[in-house]
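> Can you keep this structure in mind? I'll have questions shortly.
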Amino acid sequence: MSSAQVYLDGHFLPLTEARVSVEDRGFLFGDGVYEVLRASAGRLYEEEAHWRRLASSCREVALTLPEGLPAGGLRALALELLARNGLGEGEATVYLQLTRGAAPRTHHFPPPGTRPTLYLSAAAFAPPWEARTRGVQAITLPDVRWSRCNIKSINLLPNTLAKQRAREAGAAEAVFVRDGVLTEGASTTVFAVLDGALVTHPNGPHILPGVTRDVVLALARAAGIPVHERPLRLEEREHFDELFVASTTLDLAPVVALDGQPVGAGRPGPVTRALQQAFYAAQGVTPPTLG
Ligand code: PDD
């Protein structure tokens, strides 16, 4: 099989030939932002929402896209990348990263005219049906992140450390807790069901405004499920009838145990299942039996 193709700084090239300067500010400072999109049969899922969030991340950190992108912009690059990788059919993910470019190391911004580094890759994606169907375990950890979590920054050290802790605990996700409040997972939005209502942390500086989050909230409202965007306190845990996490790659996955204790009945609950069904129905996808 030929090598995967990526896009870097204006060119499509084999992954094995892609090189970024060691002076790149992404490498030296984590000075960059990113997005992860899902593609199905060559179509990007919720792409407008991803481009909007990317624009917002860029604005927040004063980053701009490099000049000279093709007329179709990032969308055209992503679609061409999928095609070049033979991913025009089936399931795939597209990763996009933008950094402030390569320049001699100074904390403040590099000289005007420094070209931002734009990188895109695409990969075949095996949907995690087991997690979606049977549910996952999660642990809670203190949210030691900064107060601008609405920016999809490539600074993911707290997230990688939390994911590793989860893995070592035999769990799939770590849920961050800030001042007694469940904010979000290390790479997911967190939802709880209490008394038939769906509860999730409000958007703001303490969570990433998840693309899947918006989809789930809209589906819940359309289904007549009461929705409360409010801080979800860990001390309410006893009242969680259901808990689930959601993201672009996971879709919705029930959390059946938190810190080793069953959530609700300890198995995927009816509201989560109804939202999963609605999620796939909206996309015209027939999922394997969700149980
Ligand atoms: N993660 N919260 C955090 C901290 C995330 O990193 C993500 C996504 C989400 C869910 O957002 P969305 O529904 O837009 O994917 C919430 C991606 C998938 C990642 O880092 O790989």
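> Could you tell me which residue of segment 116-130 is nearest to the ligand (Cβ to nearest atom), considering only residues that are buried (at least 18 other Cβ atoms within 10 Å of the Cβ) and among the small types (Gly, Ala, Ser)?
Per the criteria, the residue is SER121.
> Also: Would you kindly identify the helices (runs of 4 or more DSSP H) lying entirely within segment 7-105 that contain at least 3 residues that are open to solvent by less than 30 Å² (accessible area, probe 1.4 Å)?
Of the helices (runs of 4 or more DSSP H) lying wholly inside segment 7-105, those with at least 3 residues that are open to solvent by less than 30 Å² (accessible area, probe 1.4 Å) span 47-60, 73-84.
> Only residues that are within 13 Å of the ligand (Cβ to nearest atom) and under 20 Å from CYS149 (Cα atoms): list them for segment 26-54, please.
Once the filter is applied, which keeps residues that are within 13 Å of the ligand (Cβ to nearest atom) and under 20 Å from CYS149 (Cα atoms), segment 26-54 yields VAL33, TYR34, GLU35, VAL36, LEU37, ALA49, HIS50, TRP51, ARG52, ARG53, LEU54.
> Does segment 204-232 hold any residues that are within 17 Å of ARG178 (Cα to Cα), more than 11 Å from the ligand (Cβ to nearest atom) and either among the small types (Gly, Ala, Ser) or not in a strand (DSSP E or B) (or both), and which are they?
GLY204, PRO205, ARG230, PRO231 - these are the residues of segment 204-232 that are within 17 Å of ARG178 (Cα to Cα), more than 11 Å from the ligand (Cβ to nearest atom) and either among the small types (Gly, Ala, Ser) or not in a strand (DSSP E or B) (or both).
> Give all pairs with beta carbons closer than 7 Å in which a residue from segment 142-165 that is within 18 Å of VAL61 (Cα to Cα) meets a residue that is within 11 Å of the ligand (Cβ to nearest atom) and among the basic types (Lys, Arg); count only pairs at least 6 apart in sequence or on separate chains.
Here the result reads LYS152/ARG53, each pair linking segment 142-165 to a residue that is within 11 Å of the ligand (Cβ to nearest atom) and among the basic types (Lys, Arg).
> Same structure, new question: Scan (1) on the phi > 0 side of the Ramachandran plot; (2) open to solvent by less than 20 Å² (accessible area, probe 1.4 Å) for the single condition GLY113 breaks and write down its number.
(2)
> Let me ask another. In segment 179-231, what residues are surrounded by 21 or more Cβ atoms within 10 Å (Cβ to Cβ) and at positive phi?
Within segment 179-231, no residue meets the criteria.
> Taking the criterion of being more than 29 Å from LEU63 (Cβ to Cβ), within 13 Å of the ligand (Cβ to nearest atom) and in a strand (DSSP E or B), would at least one residue in segment 187-197 satisfy it?
yes
> I've got another one for you. Residue by residue through segment 84-104, note down the ones that are farther than 20 Å from THR64 by Cα, more than 15 Å from the ligand (Cβ to nearest atom) and among the polar types (S, T, N, Q).
Result: ASN85, single match.
> Could I ask something else about it? Which of the residues spanning segment 64-93 are in contact with a strand residue (DSSP E or B) (Cβ under 6 Å, 6 or more places away or on another chain) and either modelled with pLDDT under 95 or farther than 17 Å from THR249 by Cα (or both)?
The answer is PRO66, LEU77, LEU81, ARG84, ASN85.
The values are calculated or read from the model by the stated rules, or taken from the named source; none is laboratory data. What you see is a predicted model, and the numbers here were worked out from it, not measured in a lab. Cβ sites come from the backbone with ideal geometry, for glycine too, and all protein chains shown count toward neighbours. Areas reflect the complete protein model, heavy atoms only, side chains present, ligands, DNA and RNA absent. Shrake-Rupley method; radii C 1.70, N 1.55, O 1.52, S 1.80 Å.
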